[in-house]
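Since the structure comes first, as structure tokens, the remarks are kept for the end.
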Amino acid sequence: MPAPSGVDQPVQMQEITVVGQLDQSRQEIVPSLGATVYTIDQQEIQNMTAGDNIPLSKLVLRFPGVTQDSEGSGSFHVRDEHANVQYRINDVLIPESITSFGSQFDTRFAENVDLITGALPAQYGFRTSGVLDIHTKSGAFNPGGDVEMYGGSHSALNPSFQYGGSQGKLNYYFSGSYLQNDLGIENPTSSSDAIHDHTDQYRGFAYLSYVIDDTSRLSLIAGEAYNQFQIPNTPGQPAGVDGAGNPFTIPGVTSFDSSTLNESQREQNNFEVLAYQKTIDDFNFQLSVFNSYSAVNFNPDALGDLYFNGVAGKLNRSVMSNGLQFDSSYDINDSHTLRGGVLLNAQGATQTANTTVIPEDPATGAQNGLPFSVFSRDYSTAYSYGIYLQDEWKITKALTLNYGGRFDIYQSSQIRQNQISPRINATYKIDKTTTIHGGYASYFTPPPLENIPQGSVSQFVNTTNAATPGLPNSPVMSERAHYFDLGIVHNFTPAYQMGLDGYYKVSQNTLDDGQFGAAPILSAFNYRRGQICGVELSQSYTKGGFSAYGNIAVEQGIGTQVNSAQSVLFGPDDYNYIASHYIYLDHSQSFTGSFGLSYNIQQTETKPYLEMICGSGLRTDIDGVPNGGSLPAYDSVNIGFTQGFKWAGLEHLTARFDVVNVGDQIYELRDGSGVGVFAPQFGQRRSFYGGLTYSF
């Protein structure tokens, strides 16, 4: 029978097949052999509170071993580590941005999100506590699009769109969103509504892929995020005092209502990646070039900050990254696959500050003059070079060994370091239902250039911003670690799966970050030694229209002897105690859990869902011991549902309704004490949201 008039259809199907084959080849270049991998796919995202509107920092809390934190402290922590997370899109590295309140990524463009952690194979270097690899939606497999309006409590308004398709050999996908609300970051009080906490956030994303032939393609990935935040206020703050205990004297200011403070922060992040993928017989490779820019600008309340803190600083930080990534694989024979690659990354970071301070008498600490301003500008560079080689050896059908290593070099304006890092992983399939894995990895983690304290401490001698006298100010160093991981996955039935994973990490120059002043911008430092250990239990069940998951993690992170940025960030009491004691890391939470279930009622197109995030509480100071106590445990439950309308002849329309913290539990994420913690932050109180999506 002759083909119908749409003769392009077979050609289009051929292009889709080619795209699928290239996707599979790309996964073969950088597989996560022997590591612990957790995946959230698009269907699971739709079963979560807010669906595509959920911030990436909230989505990852559904992974095992991910701890919730305040936006100002990094939002989340993987396996009790601060930051040290590597972001990839379609297996290509995205250089890290400055830690800030808003994410540079929009969950909307994700087809699935992988968290890869544990003893990582050799292709993963530098940032190693976890790899968040986002695989994007594709116009070839997801043609069409939708527009959505979502909003609710706290004056939230979140319009968005996404659209994808293909034209011949070109595959494209675009998305964009705008968000405004009056709960931009966590409320520093326990009330339902924050004071002075408005945010405006804009995000855009583009993915273009051109299939050159059956064995090669060229892809362009680009993203942009621009966010503005008011810094929320706490009423009733007392006036600040000088070193002698007397209130500061600010010209023209005799009193100040802390609820009227007007601090704000502006953030910008953008990235661009151009990737070329090619298959030549048994040889596959992907070559990528990337660029990213990240900037944070903090604007103080000039008089208010002086009145309460004795310091008012306008701070600007930015970092530009440019680099190249090459990954390849070669099938030597049925038993051996050789993989190797290189990574080059050049960074330049600028820090400017216009800081108003108050002079103090060096003997008594009393104010002895009027406020004055100090301007500083620092520019620093860093170059990262990494090369790796590894062999996947299929010893038997059941046993696979992946062994190799990488060599990394880090050179910055302050330090020059390098390391050879061996890696070895093994997986053994006991039977059709049970697989065990184990591995060892040596890690080399340079400090985040954008968070390294800069500037001369001599500018602030005998002022309210003076460094701690008598303490050194050593440069922030790269962390070196040994990491061990062992786990098992068992399928009890085709529907029910359980995994158990344990890990242990011992490190030198353990990296950490904290907020050490009124400006909500993090600064990096080292502990001389650190240890992290934990156990994760994960479960999932899917059958028919019902799905459920449950994750539990028990973990502990400790460190001792601060050995960098000492005088700039630490007072004498904390420094001296940590010098002779191990303390809990401020983000160490003993118990973390996440649970969820959903049911798809096909007859009525109704899908109700329920989720819970719980934890034993982050650290707080107690009895003079830094991070010696923990905040009370919490368990926040969200519920919601989606509703389709095909039965009413409106097949393109979907409604969503969500209730966050349905029990209206009051819980603190931070109480303002702890190493590198400046202000209290409370979890979101009960809130209601709803939206409509029109698909086309």
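Before moving on, here are some points about what is shown:
- Taking region 70-90 as the range and being surrounded by 23 or more Cβ atoms within 10 Å (Cβ to Cβ) and among the charged types (D, E, K, R) as the test, the residues that pass are Arg79, Asp80, Glu81.
- Look at (1) surrounded by fewer than 23 Cβ atoms within 10 Å (Cβ to Cβ); (2) in contact (Cβ under 8 Å) with a residue 24 or more places away in the chain; (3) more than 22 Å from Ser97 (Cβ to Cβ) and you find that Gly517 fails only one, number (3).
- Hits in region 44-58 - residues which are at pLDDT 95 or above, in a helix (DSSP H, G or I) and in contact with a helix residue (DSSP H, G or I) (Cβ under 6 Å, 6 or more places away or on another chain): Asp52
- Among the residues examined, Ala156 qualifies as within 29 Å of His196 (Cα to Cα) and crowded, with 18+ Cβ neighbours inside 10 Å.
- A residue that is assigned to a loop (DSSP other than H, G, I, E, B), of a type in the set (Lys, Arg) and open to solvent by 10 Å² or more (accessible area, probe 1.4 Å) occurs somewhere in region 684-695.
- Enumeration of residues in region 183-199 that are outside any loop (DSSP other than H, G, I, E, B) and open to solvent by less than 30 Å² (accessible area, probe 1.4 Å): Asn187, Thr199
- Residues that are touching a residue at least 24 places away in the same chain (Cβ under 8 Å), open to solvent by 50 Å² or more (accessible area, probe 1.4 Å) and either closer than 30 Å to Tyr293 by Cβ or under 27 Å from the mean Cα position of the chain (by Cα) (or both), drawn from region 343-392: Leu344, Asn354, Arg377, Tyr379, Tyr383, Tyr385, Ile387
- Restricting attention to region 319-338, the residues that are of a type outside the set (A, V, I, L, M, F, W, C), under 20 Å from Pro448 (Cβ atoms) and surrounded by 18 or more Cβ atoms within 10 Å (Cβ to Cβ) total 3.
- If you go through region 534-593 and keep only what is over 21 Å from Lys505 (Cα atoms), assigned to a helix (DSSP H, G or I) and open to solvent by less than 30 Å² (accessible area, probe 1.4 Å), you end up with Gln566, Ser567, Leu569.
- Failed item, numbered, when Gly672 is tested on (1) at pLDDT 95 or above; (2) on the phi > 0 side of the Ramachandran plot; (3) surrounded by fewer than 21 Cβ atoms within 10 Å (Cβ to Cβ): (1)
- Selected residue [under 30 Å from Gly544 (Cβ atoms) and in contact (Cβ under 8 Å) with a residue 12 or more places away in the chain] from Asp485, Asp501: Asp501
- Checking each residue in region 244-262 for being open to solvent by 60 Å² or more (accessible area, probe 1.4 Å) and in a loop (DSSP other than H, G, I, E, B) picks out Asn246, Thr249, Pro251, Gly252, Thr254, Ser255, Asp257, Asn262.
- Filter result for Ser328 (under 30 Å from Ala398 (Cβ atoms), touching a residue at least 60 places away in the same chain (Cβ under 8 Å) and either out of contact with any Lys or Arg (no Cβ under 8 Å at 6 or more places or on another chain) or of a type in the set (Ser, Thr, Tyr) (or both)): yes
- The set of residues from region 520-533 being of a type in the set (A, V, I, L, M, F, W, C) and open to solvent by 20 Å² or more (accessible area, probe 1.4 Å) comprises just one member, Cys533.
Residues checked against (1) β-branched (Val, Ile, Thr); (2) free of Cβ contacts under 8 Å to residues at least 60 places away in the same chain:
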{"site": "Thr654", "(1), (2)": "yes, yes"}
{"site": "Phe657", "(1), (2)": "no, yes"}
{"site": "Gly663", "(1), (2)": "no, yes"}
{"site": "Val677", "(1), (2)": "yes, no"}
{"site": "Arg685", "(1), (2)": "no, no"}
{"site": "Tyr689", "(1), (2)": "no, no"}
{"site": "Leu692", "(1), (2)": "no, no"}
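- You will find that of Ile415, Ile387, Ile395, Ile358, the residue that is of a type in the set (A, V, I, L, M) and out of contact with any Ser or Thr (no Cβ under 8 Å at 6 or more places or on another chain) is Ile387 and no other.
- Among the residues of region 216-243, none is identified as farther than 28 Å from Asp671 by Cα, over 29 Å from the mean Cα position of the chain (by Cα) and open to solvent by 70 Å² or more (accessible area, probe 1.4 Å).
The values are calculated or read from the model by the stated rules, or taken from the named source; none is laboratory data. Since this is a predicted model, take the numbers as computed values, not measurements. All Cβ positions, glycine included, derive from the backbone under ideal geometry; neighbour counts span all protein chains shown. The area values use the complete protein model at the heavy-atom level, side chains included, leaving out ligands, DNA and RNA. Shrake-Rupley method; radii C 1.70, N 1.55, O 1.52, S 1.80 Å.
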